[in-house]
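Novice: Quick one: the structure is below, and I'll ask about it shortly.
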């Protein structure tokens, strides 16, 4: 199962970001929390695409919590890297 975002400015499908941009976003995420109160940890890649392995011993299913965190991660990227496009 795949959940993906598309940016209509410059990043396109899956919100491609460079390593330098990823570092900038991770810096902006320091000491921040998700809406549910859990801490935002450093991203290892763009949250513009999330692949979920829906097996019993794997990731489970795409649910509200996973979708909400993905959306908040994407919004943090856009707030940090594309603040003039909003």
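Novice: Quickly run through the range 72-86 and pick out the residues that are closer than 14 Å to residue 3 by Cβ and in contact (Cβ under 8 Å) with a residue 40 or more places away in the chain.
Specialist: Within the range 72-86, the first condition is being closer than 14 Å to residue 3 by Cβ, and the residues that meet it are 72-74.
Answer for the range 72-86, where residues must be closer than 14 Å to residue 3 by Cβ and in contact (Cβ under 8 Å) with a residue 40 or more places away in the chain: just 74.
Novice: Could you list, in sequence order, the residues of the range 47-64 that are within 25 Å of residue 11 (Cβ to Cβ) and surrounded by 12 or more Cβ atoms within 10 Å (Cβ to Cβ)?
Specialist: 47, 48, 49, 50, 52, 59, 62
Novice: In the range 12-40, what count of residues is obtained for those that are in a loop (DSSP other than H, G, I, E, B), out of contact with any strand residue (DSSP E or B) (no Cβ under 6 Å at 6 or more places or on another chain) and either touching a residue at least 40 places away in the same chain (Cβ under 8 Å) or surrounded by fewer than 11 Cβ atoms within 10 Å (Cβ to Cβ) (or both)?
Specialist: Counting residues in the range 12-40 that are in a loop (DSSP other than H, G, I, E, B), out of contact with any strand residue (DSSP E or B) (no Cβ under 6 Å at 6 or more places or on another chain) and either touching a residue at least 40 places away in the same chain (Cβ under 8 Å) or surrounded by fewer than 11 Cβ atoms within 10 Å (Cβ to Cβ) (or both) gives 9.
Novice: Can you pull out the residues in the range 51-65 that are outside any loop (DSSP other than H, G, I, E, B), in contact (Cβ under 8 Å) with a residue 24 or more places away in the chain and out of contact with any strand residue (DSSP E or B) (no Cβ under 7 Å at 6 or more places or on another chain)?
Specialist: So the first thing to find is which residues in the range 51-65 are outside any loop (DSSP other than H, G, I, E, B), and the list is 51, 64-65.
Those left that are additionally in contact (Cβ under 8 Å) with a residue 24 or more places away in the chain: 51, 65.
Scanning the range 51-65 gives a single hit, 65.
None of the figures in this text is laboratory data; all of them are computed from the coordinates on show. Bear in mind that the values here come from a model prediction, so they are computed numbers and not experimental data. Virtual Cβ from ideal backbone geometry, glycine too; neighbours counted across all protein chains shown.
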